[in-house]
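**Q** First the structure, then my questions, so here it is.
The values are calculated or read from the model by the stated rules, or taken from the named source; none is laboratory data. Note that this is a predicted model, so its numbers are computed, not measured. Cβ atoms come from the backbone with ideal geometry, glycine included; neighbour counts cover every protein chain shown.
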Amino acid sequence: MNDDVPATPVSPAGPPHPDPSRTELPQAEIRRRSHISPIWLIPAIAVILAAYLGWQTLSARGPLITIIFQTGQGLVAGQTKVEHKAVALGTVEGIRLSDDMRTVIVQARMTSDAAPRLTDHARFWVVRPRLTAGSVSGLETLVSGSYIEMDPGAPGGQPERHFTGLNAPPGVRSDEPGHTFTLTASRLGSLGPGSPVFYRDVVVGEVLGFDQPQIEGPIAIRVFIRAPYDSYVRQGTHFWNASGLSVQIGPQGVHVEVASIQAVLSGGIAFSTPEQDANKPMAANDVTFELYRDYAAAQNAGYHDNIKFVSYFQNSVSGLSAGSAVRLYGIQVGSVTDVALRMDPATGKARVRVAYDVQPERVFSTDELPKLSPLQITRNLVQQGMRAQIDTESYVTGQEVLGLDFAPNATPAQVGREGDAIVVPSQAGGLQDIAQSLSGIVSKLNSLPLDQIGANLNHLVGSLDSSVNGTELKDALHGLSGTLNSLNDLVRKADAGATPALKRLPEIASELQGTLERANRLVGSFQAGYGGNSDISRNLERLLDQTNDAMRSIRLLADFLNRHPSALIRGRPGEATQ
């Protein structure tokens, strides 16, 4: 419309009449739409997504737990995760110190999936790089950072929201198959949590820990052996301490034994089952075994029969200790169990009591065990001279063993009883025997009158000196020299005179041999004429025998004079000249 067009007057009595001179314009009609605009879908979808995410977050949100650690090293609120087998089960929300400033309180929001496993069986510890003498672990955290590891533990248990974290990772997880055993020992040595357990030099388990030692009594050590090696532990199995380096110096030289480098660094335990116990039932969980100090002690424990003996010594046994070998003819038949000093306060007499066990199975097989009692057998051996003595095994280290040796011309002794032990008589031996022998020799030397002997020797030397330098000895030597010169002249003259006669002796012997042959022919013809049983024949036979003897003597004389012409003057060698 234009502003210059006059308005149509309106009658107050009714609507105005249309002006026929003007064209009537259409009236605008406003209509309301019945559908929503698509632009409103965007905020609606955003609200729905926010509600879904909120609901999902609230539904996945688990309980808030509290874990107490000794230190908060490596933990960061909002970043450190709580994991189990590399699966996140929660996140650390807060870290603060306790009121006494001694511990760190960590609050972690767990997922709903972890809520059923939050019981009093669950365990928590911080995984961080660890370098110990026995192992290296947690190296992956150098890149990813530390995290809290959760072990849910065995099924069951009471719900729990407050936990005390472990200072170190546990040796055994709840889902690892195997058996736990308890070992008792008098001392711990180098063993500690994480020390390996060996079976034939294969690592099959580890030490979990040990109970607090009491003032008296053994120490209880808990070990875990993984499956299937736990089935090798029988009721007769023996455990021994395989820690460190074993060096033995004996008659065979230096023997060095090392279980493994890991055992040298962190200690170790080994076990085995004797052949005779291999068919026994498998040991149940938490069964208690004795931990022997070394393999030799465990091997000795494998013998079922142990006969107890006791011997008393009155000399030093410094190289003898519990575990030393008992040898018979150089072969081990037992081991020493105790060495103690005994003193009689009334007399002040001191003795060393040595208790030892002898295993008959080392000497006899099961089928050969004697029917006699051990006491009767011991009495028979003692009657034959068997005595207990200290023998030196190594003169370098002074290590000694107890020897059951048979002494020649042993003094008679009796075999006694001391409780359930048999008392075997003893005698000195080893270095002590040598020392006593040397002491006896020194005592005898000290008892000799050395001063008097020296004075007599000095007097004898002076007498010899005066005799040698005297005129009588010089005159006697001059007279003897003249006599020898005269004797040599006589021998030369006799040799010169007897030489022609000696040269004729072979010719004379030859002529006598011819005469003898002719006489034999004559006798033969005479015997043929007169017979062999006449007086003439017998006389002739005797004559011929005597002639033969004479000829043999002449021949021997000729040979002898050829070799020793001086015998005509001096006589036969070895005979004194009359």
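**Q** Please specify each residue of the stretch 121-143 satisfying the condition of being charged (D, E, K, R), out of contact with any helix residue (DSSP H, G or I) (no Cβ under 6 Å at 6 or more places or on another chain) and at pLDDT below 90.
**A** Initially, the stretch 121-143 is screened for residues charged (D, E, K, R), giving 123, 128, 130, 140.
Applying the additional criterion that residues be out of contact with any helix residue (DSSP H, G or I) (no Cβ under 6 Å at 6 or more places or on another chain) yields 123, 130, 140.
Result: Arg130, Glu140.
**Q** Return the residues of the stretch 384-418 that are modelled with pLDDT of 80 or more, more than 17 Å from Arg351 (Cβ to Cβ), among the polar types (S, T, N, Q) and under 34 Å from the mean Cα position of the chain (by Cα); say none if nothing qualifies.
**A** Result: no residue meets the conditions.
**Q** Consider Gln212 against the criteria (1) in contact (Cβ under 8 Å) with a residue 40 or more places away in the chain; (2) loosely packed, with under 13 Cβ neighbours inside 10 Å: it satisfies all of them except one. Which criterion is unmet?
**A** (1)
**Q** I'd like to know if the stretch 325-334 contains one or more residues that are among the aromatic types (Phe, Trp, Tyr), out of contact with any Leu (no Cβ under 6 Å at 6 or more places or on another chain) and outside any loop (DSSP other than H, G, I, E, B).
**A** Within the stretch 325-334 (the criterion being among the aromatic types (Phe, Trp, Tyr), out of contact with any Leu (no Cβ under 6 Å at 6 or more places or on another chain) and outside any loop (DSSP other than H, G, I, E, B)), the answer is no, since none of the residues qualifies.
**Q** Which of the residues that make up the stretch 237-246 are modelled with pLDDT of 85 or more and either touching a Cys at 6+ places or on another chain (Cβ under 6 Å) or assigned to a strand (DSSP E or B) (or both)?
**A** Result: His238, Phe239, Trp240, Asn241.
**Q** Any residue in the stretch 549-578 that's at pLDDT 65 or above: show its pairings with residues that are of a type in the set (Ser, Thr, Tyr) at Cβ separation under 9 Å, as long as the two are six or more apart or on different chains.
**A** Pro565/Thr499
**Q** In addition: In the stretch 294-324, how many residues are closer than 19 Å to Asp420 by Cβ and either part of a strand (DSSP E or B) or of a type in the set (D, E, K, R) (or both)? Please lay out each step first, then the result.
**A** Restricting attention to the stretch 294-324, the residues satisfying the condition of being closer than 19 Å to Asp420 by Cβ are 300-301, 303-312, 322.
Of the ones still in play, those that are also either part of a strand (DSSP E or B) or of a type in the set (D, E, K, R) (or both) are 305, 307-312.
Looking only at that region, the number is 7.
**Q** Something else: Hey, Ser335 hits all of (1) touching a Lys or Arg at 6+ places or on another chain (Cβ under 6 Å); (2) buried (at least 16 other Cβ atoms within 10 Å of the Cβ) but one; which does it fall short on?
**A** Here Ser335 clears every test but (1).
**Q** So Val354 clears everything in (1) in contact with a strand residue (DSSP E or B) (Cβ under 9 Å, 6 or more places away or on another chain); (2) within 30 Å of Val197 (Cα to Cα); (3) not polar (S, T, N, Q) except one condition, right? Which one?
**A** The single condition Val354 does not satisfy is (2).
**Q** Also, I was wondering about something else. Looking at the stretch 342-357, I want the residues that are assigned by TED's automatic domain parsing to the domain that holds Gln314 and have a partner that is small (Gly, Ala, Ser) with Cβ atoms under 6 Å, at least 6 apart or on another chain. Which pairs are those?
**A** Pairs found: Met343/Ala350; Arg353/Ala340; Val354/Ser311; Tyr356/Gly334; Asp357/Gly334.
**Q** Here is a list: Val442, Val468. Which entry is surrounded by 10 or more Cβ atoms within 10 Å (Cβ to Cβ), hydrophobic (A, V, I, L, M, F, W, C) and modelled with pLDDT under 75? Spell out the reasoning first.
**A** Working: Val468 fails: surrounded by 10 or more Cβ atoms within 10 Å (Cβ to Cβ).
The match here is Val442.
**Q** Looking only at the stretch 202-236, which residues are assigned to a loop (DSSP other than H, G, I, E, B), at pLDDT below 85 and farther than 17 Å from Tyr292 by Cα? Break it down stepwise before answering.
**A** Step one: of the stretch 202-236, the residues assigned to a loop (DSSP other than H, G, I, E, B) are 211-218, 227-228, 233, 235-236.
In the following step, the residues that additionally are at pLDDT below 85 were identified as 211-217.
Answer for the stretch 202-236, where residues must be assigned to a loop (DSSP other than H, G, I, E, B), at pLDDT below 85 and farther than 17 Å from Tyr292 by Cα: Asp211, Gln212, Pro213, Gln214, Ile215, Glu216.
**Q** Every residue in the stretch 267-318 that is more than 30 Å from Lys349 (Cα to Cα), in contact (Cβ under 8 Å) with a residue 24 or more places away in the chain and charged (D, E, K, R), please.
**A** Within the stretch 267-318, Asp277, Lys280, Asp286, Glu290, Arg293, Asp294, Asp305 meet the criteria.
**Q** Tell me which residues, restricted to the stretch 265-289, are part of a helix (DSSP H, G or I) and buried (at least 17 other Cβ atoms within 10 Å of the Cβ).
**A** If we filter the stretch 265-289 for residues that are part of a helix (DSSP H, G or I), which is where we start, we get 265-266, 275-277.
Matches in the stretch 265-289: Ser266 only.
**Q** From the residues in the stretch 144-167 that are within 14 Å of Lys81 (Cβ to Cβ) and of a type outside the set (Ser, Thr, Tyr), which one is modelled with the lowest pLDDT? Working first, answer last.
**A** Going residue by residue through the stretch 144-167, those that are within 14 Å of Lys81 (Cβ to Cβ) are 144-150.
With the extra rule that they be of a type outside the set (Ser, Thr, Tyr), the set shrinks to 145, 148-150.
Details: Gly145: 82, Ile148: 93, Glu149: 92, Met150: 92.
The qualifying residue modelled with the lowest pLDDT is Gly145.
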